[in-house]
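To start, the structure itself, in structure tokens.
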Amino acid sequence: MSLSLNEARRLLTEATPDEVDALMAEARRVRDEVYGPRVFMRGLIEVSNHCKNDCFYCGIRRSAKCSRYRLSEEEILACCRKGHELGFRTFVFQGGEDGWFTDERVCRIVENIKREWPDCAVTLSLGERGRASFERLRKAGADRYLLRHETADREHYASLHPVEMSFDHRMQCLRDLRELGYQVGAGFMVGSPGQTVETLMEDLAFISEFRPEMVGIGPFIPAHGTPFGDRKAGSVELTLRLLAIIRIMHPHVLLPATTALGTLHPQGRERGILAGANVVMPNLSPKEHREEYALYDNKLCTGHEAAECRACLAARIASTGCELVVDRGDFQ
Ligand code: 5AD
Ligand code: FES
């Protein structure tokens with residue numbers, strides 16, 4: 001079954017419960033055909049919650065009054081060491097746009113990791129940087145880069161970000177990353193303020209045109225003290241439908257069942273996997289900093305979603321009929 005944008009629009013807006021069930025089943029079938037019923041895990045290391053930007057939705061924006069931290073190079077390597085023992089073969093460094101993470105520092109970290117664990121992939125998620133910077137990081141060994149496009153609609157983008165942030169620069173970064181040979185992750189929040197079916201269709205069209213190797217989508221969740229702190233959260237059901245639609249339209253895409261989905265629903269990530277997702281990103285950050293990396297309220301940060309509980313995670317994944325695998329989980 002291939003899916004046209006028009007059919008996708010209809011499934012988003014007026015699918016019957018039976019049609020939704022069929023959509024999810026088809027998404028699982030398509031995923032299994034390419035990757036098997038397998039879920040890849042990535043160790044997420046939240047390296048810093050300092051950020052020079054002021055996105056209206058984000059709990060660690062510059063003007064948020066939250067306590068700030070950043071991990072040292074040694075702390076980051078210690079996280080990877082623990083992660084490697086737990087079976088992680090991809091490490092994702094995510095952080096706000098923090099000037100402390102200069103090219104020199106990030107290159108050194110990436111090189112150290114690649115030297116110590118040559119069997120691992122390194123994914124960066126450090127926001128917008130210049131092309132020369134992306135190039136240096138790539139040469140140092142970074143394999144993948146996650147930079148959600150947030151919305152493919154220019155006006156919608158402007159309503160989510162302060163004027164100094166540019167839609168064009170965001171898109172330029174994505175193109176640069178692609179040209180430099182990264183496996184690229186784009187993505188967006190579901191239910192962000194101002195999002196409409198039309199902007200979602202633009203997101204789907206953008207994904208079809210840009211063809212990112214990864215697509216991260218999760219529901220918007222209000223973060224207190226931000227301009228959108230009193231808006232309502234995105235819908236779990238709509239997120240699941242979008243996951244399934246993206247899986248069917250792009251059989252090879254790597255699709256995480258996100259923490260935000262798990263935050264809004266106790267079985268959110270399992271339901272994501274049942275909708276065709278095939279990646280989970282448990283938290284490998286030092287426990288004492290997890291609460292500080294609060295992009296939104298009530299973010300899952302301790303307990304079963306954390307990386308420590310490998311057995312619980314494996315059991316949760318098994319409940320979806322999939323197997324949690326020790327593998328780099330490259331795009332196929
Ligand atoms: N709710 C859900 N997701 C959020 N992000 C940032 N703030 C929120 C929020 N309030 C997402 C953005 C960003 C990613 C790291 O987290 O899409 O790209
Ligand atoms: Fe940090 Fe958006 S607030 S990049």
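The values are calculated or read from the model by the stated rules, or taken from the named source; none is laboratory data. These figures come from a predicted structure and were not determined experimentally. Cβ placement follows ideal geometry from the backbone for every residue including glycine, while neighbour counts extend to all protein chains displayed.
Numbers at a glance
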item: Looking only at the stretch 40-91, and only at residues there that are under 20 Å from the mean Cα position of the chain (by Cα) and acidic (D, E), the one that is farthest from ligand 1 (Cβ to nearest atom); result: D54
item: Residue tally, condition within 16 Å of ligand 2 (Cβ to nearest atom) and part of a loop (DSSP other than H, G, I, E, B), over the stretch 68-86; result: 2
item: Subset of the stretch 92-139 [under 15 Å from the mean Cα position of the chain (by Cα) and assigned to a strand (DSSP E or B)]; result: V92, F93, Q94, G95, V122, T123, L124, S125
item: Number of the exception - T259 against (1) within 14 Å of ligand 1 (Cβ to nearest atom); (2) out of contact with any Asp or Glu (no Cβ under 8 Å at 6 or more places or on another chain); (3) among the polar types (S, T, N, Q); (4) within 22 Å of R316 (Cβ to Cβ); result: (2)
item: Extreme residue, farthest from ligand 2 (Cβ to nearest atom), among residues of the stretch 125-141 that are under 9 Å from V106 (Cβ atoms) and not basic (K, R); result: A140
item: Any hit, the stretch 140-152, residues being β-branched (V, I, T), crowded, with 17+ Cβ neighbours inside 10 Å and not in a loop (DSSP other than H, G, I, E, B); result: no
item: Any hit, the stretch 110-124, residues being within 16 Å of ligand 2 (Cβ to nearest atom) and in contact with a strand residue (DSSP E or B) (Cβ under 9 Å, 6 or more places away or on another chain); result: yes
item: Residue that is nearest to the chain's Cα centre (by Cα), among those in the stretch 203-228 that are assigned to a loop (DSSP other than H, G, I, E, B) and near ligand 1 (Cβ under 9 Å from one of its atoms); result: F220
item: Residues satisfying the stated conditions in the stretch 176-202, i.e. over 30 Å from K139 (Cα atoms), among the β-branched types (V, I, T) and either within 16 Å of ligand 1 (Cβ to nearest atom) or under 19 Å from the mean Cα position of the chain (by Cα) (or both); result: V190, T199
item: Flag if H169 is surrounded by 17 or more Cβ atoms within 10 Å (Cβ to Cβ), within 16 Å of ligand 2 (Cβ to nearest atom) and over 16 Å from the mean Cα position of the chain (by Cα); result: no
item: Count - residues of the stretch 259-298 that are in a loop (DSSP other than H, G, I, E, B), at pLDDT 95 or above and within 20 Å of F91 (Cα to Cα); result: 2
item: Members of the stretch 232-249 found to be part of a loop (DSSP other than H, G, I, E, B) and surrounded by 19 or more Cβ atoms within 10 Å (Cβ to Cβ), listed by number; result: G234
